[in-house]
Amino acid sequence: MKADYYEVLQVTRTATDQEIKTSYRKLAMQFHPDRNPGDKSAEEKFKECSEAYGILSDPQKRAAYDRYGHAGFGGAASQGGGFPGGFSGFGGDPQDLGDIFGDIFGEMFGGGGGRRQSRAQRGRDLKYDLTMEFEESVFGNEQEIKIKRQETCEGCSGTGSANGKQPVTCSQCRGAGQVRYQQGFFSVARPCPKCEGSGVNVTDPCQTCRGESRVIREHTINVKVPAGVEDGTRIRYQGEGEAGKLGGPAGDLYVELRVKAHKFFQRDGDDLHCVVPVSFPQAALGDELEIETLEGAAVLKVPEGTQSGKSFRIKGKGVPHLNSHGKGDLIVEVRVQTPAKLTKKQKELLKELSETMKTDNAPQSHGFMDRMKEMFS
């Protein structure tokens, strides 16, 4: 039993002509034999889709199919319709059919069938990894980098030919930049192997670039790094990549920033985090600590009875907002430090203090333990 044409093209019976056309294009590219060599199942699917489109793309045939189904064609719809290779008749507008297969081969082989390609070729993009100190990423900096890139040859002005001569039209593709090959029942276009798709050949090469039209030179770029950038930030310099061929535009340069880790600050967005040790007396009695920031010293007031793991926020001592006003904050976590060695006098004082401070050493609830784990993780 033949499958319903609407189901084959994965559309509803109320689908518009454009919806039918769009769905067919998608399925034709998916099941085309050249994309699925040796796959008989895909070939049958392609034939089935082509047959369904041949009926549903023609208003009169579609009306007959909607009224009578497959019986309205007496089986003729599956007889190939004169198309080479056993495929069904397509019906509809021949120009429409050409557009569909132009899309298929344009996607498969990188160009429209038989269209003359532009000889100019865009230059390659370049990437440069720039390593910088943590402070440089916070406050920004400016430095010069040196890159090696392909630049237009001055000896031939980028033509590749000596003595002011111009390249000649490629004899194999006749300037089209493409050559056609027969694949099954279709003729497909691919870049010409003789001229590499440029459409021209150099017969009298320039001595400077040896006919390549470009030479490798070292180039200096002034990189301006704005304040507040993060590790992995990419800065694009348009047109600073390699020169194009035969008048094509230059590629771009991408400078990717690699920021070194700081010895005690960690970044989270535009906030900075650090850990500061305090003694038990400082935490218990309170104290004023002088904290080092990226912009000099700041005073942190530790209140009486501060617990280990408590965090304090110092406003405006973080990282500047990139391309904006304001800064993040500095978050300081204090941790009570237990001394590893005590003098005899210190031990006596702590024993005396311990006798005045009785602690219930019974196990705490899970909630308390979870908070402790979070505190020290």
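The values are calculated or read from the model by the stated rules, or taken from the named source; none is laboratory data. Just so you know, these numbers come straight off a predicted model, no measurement behind them. Methodologically, a virtual Cβ is constructed for each residue, glycine included, from the backbone with ideal geometry; neighbour enumeration extends over all protein chains shown. Please note that ligands, DNA and RNA were not included when accessible areas were found on the heavy atoms of the full protein model with its side chains. Shrake-Rupley method; radii C 1.70, N 1.55, O 1.52, S 1.80 Å.
Observations
- Residues in segment 181-209 that are of a type in the set (S, T, N, Q), surrounded by fewer than 17 Cβ atoms within 10 Å (Cβ to Cβ) and over 13 Å from residue 156 (Cα atoms) were compared, and the one that is modelled with the lowest pLDDT is 183.
- For segment 234-260, the tally of residues that are more than 16 Å from the chain's Cα centre (by Cα) and in a loop (DSSP other than H, G, I, E, B) stands at 14.
- For segment 1-47, the tally of residues that are out of contact with any Asp or Glu (no Cβ under 8 Å at 6 or more places or on another chain) and among the hydrophobic types (A, V, I, L, M, F, W, C) stands at 8.
- Pick from segment 16-45, criterion in contact with a Phe, Trp or Tyr (Cβ under 7 Å, 6 or more places away or on another chain) and free of Cβ contacts under 8 Å to residues at least 24 places away in the same chain, ranking: surrounded by the most Cβ atoms within 10 Å (Cβ to Cβ): 31
- Residues in segment 3-15 that are open to solvent by 100 Å² or more (accessible area, probe 1.4 Å) and more than 17 Å from residue 51 (Cβ to Cβ): 13, 14.
- Single residue of segment 315-330 satisfying the filter (of a type in the set (A, V, I, L, M) and either at pLDDT 95 or above or not in a loop (DSSP other than H, G, I, E, B) (or both)) that is nearest to residue 275 (Cα to Cα): 330
- Of the residues contained in segment 297-306, none is found to be in a strand (DSSP E or B), among the hydroxyl-bearing types (Ser, Thr, Tyr) and over 32 Å from the mean Cα position of the chain (by Cα).
- Pairs meeting the criteria (first residue in segment 235-246 and on the phi > 0 side of the Ramachandran plot, second residue β-branched (Val, Ile, Thr) and open to solvent by less than 50 Å² (accessible area, probe 1.4 Å), beta carbons under 8 Å, at least 6 apart or on different chains) are 246/159; 246/200.
- Residue match in segment 265-277 (condition: in contact (Cβ under 8 Å) with a residue 12 or more places away in the chain, open to solvent by 80 Å² or more (accessible area, probe 1.4 Å), of a type outside the set (Gly, Ala, Ser) and more than 30 Å from residue 223 (Cβ to Cβ)): no
Per-residue answers, yes or no, for (1) in a strand (DSSP E or B); (2) polar (S, T, N, Q); (3) surrounded by fewer than 19 Cβ atoms within 10 Å (Cβ to Cβ):
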position	(1), (2), (3)
211	no, no, no
215	yes, no, yes
218	yes, no, yes
221	yes, no, yes
227	no, no, yes
232	no, no, yes
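- Unique residue being out of contact with any Lys or Arg (no Cβ under 7 Å at 6 or more places or on another chain), acidic (Asp, Glu) and either at pLDDT 85 or above or more than 17 Å from residue 242 (Cβ to Cβ) (or both) when the list is 133, 154: 154
- Restricting attention to segment 238-258, the residues that are buried (at least 17 other Cβ atoms within 10 Å of the Cβ) and closer than 17 Å to residue 146 by Cα total 9.
- The set of residues from segment 1-42 being of a type in the set (A, V, I, L, M, F, W, C) and part of a helix (DSSP H, G or I) comprises 8, 20, 27, 28, 29, 31, 42.
- The residues listed here are 288, 292, 304; of these, the one that is free of Cβ contacts under 8 Å to residues at least 12 places away in the same chain and open to solvent by 20 Å² or more (accessible area, probe 1.4 Å) is 292.
- Residues located in segment 269-291, provided they are of a type outside the set (A, V, I, L, M, F, W, C), within 14 Å of residue 316 (Cα to Cα) and either in contact with a Cys (Cβ under 8 Å, 6 or more places away or on another chain) or part of a strand (DSSP E or B) (or both): 271, 273
- None of 315, 347, 260, 301 is among the basic types (Lys, Arg) and touching a helix residue (DSSP H, G or I) at 6+ places or on another chain (Cβ under 6 Å) except 260.
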